[in-house]
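Here's the structure we're looking at; comments come further down.
The values are calculated or read from the model by the stated rules, or taken from the named source; none is laboratory data. Just so it is clear, the structure is predicted and the values come from calculations on it, not from any experiment. Reconstructed Cβ throughout: ideal geometry from the backbone, glycine too, with neighbour counts over all protein chains shown. Each accessible area value is taken on the protein alone, full model and side chains, heavy atoms only, with ligands, DNA and RNA left out. Shrake-Rupley method; radii C 1.70, N 1.55, O 1.52, S 1.80 Å.
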Amino acid sequence: MSDEINVKDINSHDKELLTDIQDALANCMKCGNCMAVCPIYKEVGRENAVARGKISLMEGVLSGRLPISANFEKAMSMCLSCKACATNCPCGVPADELIVRGRQAVVKARGLGPIKKKVFALLKHRQLFDLSLRMAGLFAPLSFKKLPGKMGTIARFPMPGMDVKRVTAPMSAHPLRSQYPEVIKVDNPKMRVGFFTGCTINYMYTDVGQATLNVLKANHIEVVMPSMQHCCGTPVFYSGDVESAKVFARHNLETFDSYNFDYIIAACGSCTEAFKIEYIHMFKDEPKMLALAEKISKKTYEISEFLVDVAKFDKTQLGPVHATVTMHDPCHMVRGIKVTKQPREILKAIPGLTFVEMSKPDRCCGSGGSFSMSYYELSRQVNDRKIADIASTKADIVATSCGTCRMHIMDGLEQNNLDKETLHVIQLLDRSYQAGSQQ
Amino acid sequence: MQQFNINDLKSIVGEDNILTSTEDLFSYSYDATPGHAHMPDAVVLPANTNEVSQIMKFANAHKIPVYPRGSGTNLSAGCVPTKGGIVLLMTRFNKIIDIDLENLVAIVEPGVVVADLNTAVGVSGLIYPPDPGTVATATLGGTVSENAGGLRGLKYGVTKHYIMGLEVVLANGDIMNTGGKNVKDVSGYDMTKLFTGSEGTLCIITKIIAKLVPAPEAKKAMMAIFNDLDDAGKAVSGIIAAKIIPATLEIMDNATIRTVEDYMKIGLPLDAQAILLIEVDGNPTVVEQEAAKVLAVLKSNNAATVQMAKDDAERDKLWAARRAALPALAKLRPTTYVEDATVPRNKVPDFLRAVNVAAQKHNVTIGTFGHAGDGNMHPTIVCDLRDPEEMKRVYLAMDDIFKTAIALGGTLSGEHGIGLGKLPWMEEQHGPVSMNVMRAIKRTLDPNLILNPGKLVGEC
């Protein structure tokens, strides 16, 4: 069988695949403004690394001049989904979404890669997924060496798809949700929120989850962590496997709806974006699910956004945290859900904390979720620029609001021999409440 | 073009620096100009002048067309490899070689992005003034080749006023140096000026000696709204007659004002016939005095309202409308042609009226904004390239617009270059004698017609 599938094949099988985005593609006027902000283009310098080139390739496929080839797949995969191109586009072309559509076409025409196929199949099976990540946590010390004093590990053995030097997050032997009851009660609760933990917080960065629970408790908010919650689906969605992503979306929407929470919070920009924005897009053609997605979307807040805009967090009980802190804005926070002021307001409210802004805090850290697995060296190059910006602030701590950013920045600091902590904003607030309670 | 062996090119630049996959060739088949695309046979990324020289010797011997390319943000199809051959991608020439603070000169490789040069010289309180809309993406090589202008053209001039010397590779592979760091230099023909704006048809630029100037200490922005186009025109001439040369003197016509207001909802009056945005810069005391004089001229020419920015935040607000002009227009329809016909500044109102007539006559959507102070207008035609009937009307409107510009004593291009986009009207502007001279120069320097063939002066 030929390696290449041409436009005729697609038309016969999946006529709707790219044709419905024909107009969206045509809106790109090829001005190339995306080149100014694309982190991948900055490193690679090739046309098909940037949004304009990718959009052109999709147009080439649509017009029958190009096949959906291995090169097309590679071009579509070379994207961090950082959304910088879409934000900078004078024509308002949502290039980030179109690239996902390009990946979707690849998945349909060429199938998922063998590794992703297995991982996603596992992901869809909630219990199996939970079990395998728990096992990974239990056995992690065998295969990963923990770095002293940090939430970081490096591999003891070469792992498939993983660079040997790479620092990743430790798999927790005790996932967050197994450490607590489903409902965490407080006296005289002023509201009741559902906590969507997300995978990185539940299985790896349990410290962020604990901090979130502590802070909500300190603010007299009852928290429920629905036991049946599942991965938000973002990694699957951005890989182009939209049908699988919808399975996650449906499950999570129905699960969270059944509790009738006042609010739903997440401590990760990408998870929040899934609940707030992506689920609505996914179900735009299913009125009943769309109504549910919109209902849930309205209740959903990222933790900093929630504490500042909704809960008006208690500033009277804060104690000092003596540190110089800089902030990295995760792509899906700054350009996804557009939350950048609130984390800063929290940091600046902490007594003793000196906040310094780094140059380009909103530039992608290079992680891009699974991108850093597929293209580790390239994602390191992007990250090295971020690390240089961090280093020039002389801060002791880098604050951020995303697990994968945290992991990639920690790795970058380690690779560049810089001794700095990387924490979620909420962890600093938790430290401050703890310092306050000891006074 | 003769058949050639790609391995010969690989031996010059190495395997990693040649792109030949269909997808890669497709990615270098276009630039920012709508309606022009053609696949090259190879994309070659040389690392240094010597490699460029070897490539040119090879291409010349085999009569292979060569198209130099930077970021490909060109608006006149200058980068499109219309006859196949080699796209010479110059992005590896990305070093700022020297910033000479004693002579106020920068020596730069052509692949450096204009904004990056400005960042580098900015720390020394200097600027490289040419600032086309694409400063954040366009390369020095591209802007020199196209003789790019920008918003500050009235006071600071365009690229050719800042290029003091070049290193170029000729069609036969010979390496040539022109000009230098001398402020005064009348030795020989001014080859630097000839090559600047030659759109890749005469040589490959490999090194640029650029003039730098001190950054202005202060800026002051004003915005004036006019109910009558002629009043706006008189205000523009009046400002210059008052012996003030603003850094920026921009105009937006009624169609653009309506589009921007619809897009941004910032309270622009929909019946306004023109908006002027003026910015004076320089010594703080002089800036204050000049701003006051400009204000008086605007009022005496019946400006309906005038706003002066008190601080940077207010300045940004005033600029917002102008900055939104192109994005707002571009969002109306899929395809956007940004033209740059230029007329003597006292003809700007006549030209704007003629553009409106052309738009109505051919039922085409056109918004015009541009640099009123230097007469450089941007009639922006929004349409859908996929509709052949509409494109016929677009072409007829363009024809009217360019012929009007020429009739008013203007020129086809103020800053985007001719390339292919404006080639059909070249004869009309320059006449047969000039065209013959230009083609003779082309044939002398490029006898095999391999450098960006068919562009700027057409077929020779």
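Computed from backbone phi with θ = phi - 60° and the Karplus coefficients 6.51, -1.76 and 1.60, the 3J(HN,Hα) list for the stretch B:125-132 is x, 10, 9, 10, x, x, 10, x Hz; x is used for glycine and proline.
Kirkwood radius for the stretch A:178-312, taken over all pairs of different Cα atoms as the inverse mean of 1/r, rounds to 14.9 Å.
From the P(r) of the stretch A:160-234, could you give the percentage of C-alpha pairs in the tail past 16 Å? If you can, show how the numbers build up before the last one.
Numbers: 1489 of 2775 pairs.
Summing the P(r) tail past 16 Å for the stretch A:160-234 gives 54 percent.
The three principal axes of the Cα atoms in the stretch B:96-138 give end-to-end lengths of 29, 20, 14 Å, sorted in falling order. Summary of the geometry: the stretch A:346-412 and the stretch B:330-399, compared by the centres of their Cα atoms, lie 46 Å apart.
May I ask for log10 I(q)/I(0) of the stretch A:235-336 at q = 0.16 Å⁻¹, from a Debye sum over the Cα atoms as equal point scatterers with solvent left out? Here the Debye-derived log intensity ratios amount to -0.76. Cross-linked pairs A:K299/A:K348; B:K331/B:K422; A:K42/A:K83; B:K219/B:K317; A:K83/A:K348; A:K190/A:K299: Cα-Cα separations exceed 18 Å for A:K299/A:K348; B:K331/B:K422; A:K83/A:K348. Expressed as a whole percent, the accessible surface of the stretch B:72-118 that belongs to carbon and sulfur atoms is 50, based on a 1.4 Å probe. Across all C-alpha atoms in the stretch B:344-460, the radius of gyration and Dmax reach 15.8, 45 Å. Taking 7 Å steps out from each Cα toward its Cβ at B:V286 and A:T255 produces label points 6.8 nm apart. On a 29 Å Cα-Cα criterion, which of the cross-link pairs B:K220/B:K265; A:K30/B:K211; B:K63/B:K392; A:K108/A:K360; B:K184/B:K442 come out too long? Long pairs (Cα-Cα over 29 Å): A:K30/B:K211; B:K63/B:K392; A:K108/A:K360. Kirkwood analysis of the stretch B:1-93, using all unique Cα-Cα pairs, places the hydrodynamic radius at 13.1 Å.
Students often get this wrong: which residues of the stretch A:258-282 have the backbone nitrogen under 20 Å from the point 7 angstrom along Cα-to-C-beta of A:E182? Taking a point 7 Å out along Cα→Cβ of A:E182, the residues of the stretch A:258-282 whose backbone N falls under 20 Å are A:258-266. Over every Cα atom in the stretch B:397-460, the radius of gyration and the widest Cα-Cα span, Dmax, amount to 12.4, 37 Å. Roughly how far apart, in whole Å, are the Cα centres of the stretch B:71-100 and the stretch B:150-181? Between the Cα centres of the stretch B:71-100 and the stretch B:150-181 lies a distance of 15 Å. In this simple spin-label model, placing a label point 7 Å from the Cα along the Cα-to-Cβ direction at both B:K403 and B:K10 gives a separation of 5.4 nm. Taken over the stretch A:296-439, the percentage of Cα pairs per 10 Å bin, counting from 0 up to the bin with the maximum distance, is 12, 41, 33, 13, 1.
Counting other Cβ atoms within 10 Å of each Cβ, which GluC sites (Glu not before Pro) in the stretch B:90-195 have at most 11 and sit in a DSSP loop?
Values: sites: B:E102, B:E146, B:E167; in loops: B:E102.
Answer by residue number: B:E102.
Any residues in the stretch A:80-102 that have 20 Å² or more less accessible area with all protein chains than in their chain alone, probe 1.4 Å, and which are they? Buried-area filter returns A:P90, A:C91.
Given R₀ = 41 Å, FRET efficiency for B:K63-B:E428 by Cβ-Cβ distance, to 0.05? Please report the intermediate quantities before stating the final value.
On the way: r = 31 Å, r/R0 = 0.76.
The pair B:K63/B:E428 has a calculated efficiency of 0.85.
Taking amide H positions as modeled 1.01 Å from N, with prolines and chain starts lacking one, the residues under 5 Å from A:T354 and 5 or more places away or on another chain are A:A323, A:T324, A:V325. Rounded to the nearest Hz, the phi-derived 3J(HN,Hα) couplings of the stretch A:196-207 under the Karplus curve 6.51 cos²θ - 1.76 cosθ + 1.60 (θ = phi - 60°) are 8, 6, x, 6, 4, 6, 6, 9, 10, 8, 5, 4, where x marks glycine and proline.
Whole-percent P(r), the protein assembly as shown, all Cα pairs, 20 Å bins from 0: 13, 41, 35, 11, 0. In this structure, the amide hydrogen of B:T248, modeled 1.01 Å from its nitrogen in the peptide plane, lies closer than 5 angstrom to those of B:E279, counting only residues at least 5 positions away or on a different chain.
Backbone geometry of the stretch A:215-231 corresponds, through the Karplus equation with coefficients 6.51, -1.76 and 1.60 at θ = phi - 60°, to 3J(HN,Hα) couplings of 5, 5, 4, 4, 9, 6, 10, 6, 10, 10, 10, x, 5, 8, 4, 9, 3 Hz, x marking Gly and Pro. Cut-off under 14 Å on the C-alpha distance; same-chain residues fewer than 8 positions from B:K10 excluded. Which aspartates and glutamates are left, in chain and number order? Cα-Cα hits under 14 Å: B:D41, B:E51.
Modelled label positions at A:K288 and B:R353, each set 7 Å beyond Cα in the direction of Cβ, lie 6.6 nm from each other. If you bin all the Cα-Cα distances of chain B at 10 Å, starting from zero, the percentages per bin are 4, 20, 29, 26, 15, 5, 1.
Computed over the stretch B:96-214, the range of Cα coordinates on each principal axis works out to 39, 29, 27 Å, biggest value leading.
Which value results for Rg/Rh of the stretch B:230-313 when Rg is the Cα radius of gyration and Rh the Kirkwood radius based on the inverse mean 1/r? Numbers along the way, then the final one.
On the way: Rg = 13.4 Å, Rh = 13.7 Å.
Here Rg/Rh amounts to 0.98.
How high is the FRET efficiency from B:I97 to B:L194, r the C-beta distance, R0 25 Å, rounded to 0.05? So the FRET efficiency works out to roughly 0.65. Across the stretch B:123-157, the residues whose backbone nitrogen lies under 16 Å from the label position 7 Å along the beta-carbon direction of A:S359 are B:123-126. Solvent-accessible area per residue in the protein assembly as shown equals 40 Å², computed with a 1.4 angstrom probe and all protein chains kept.
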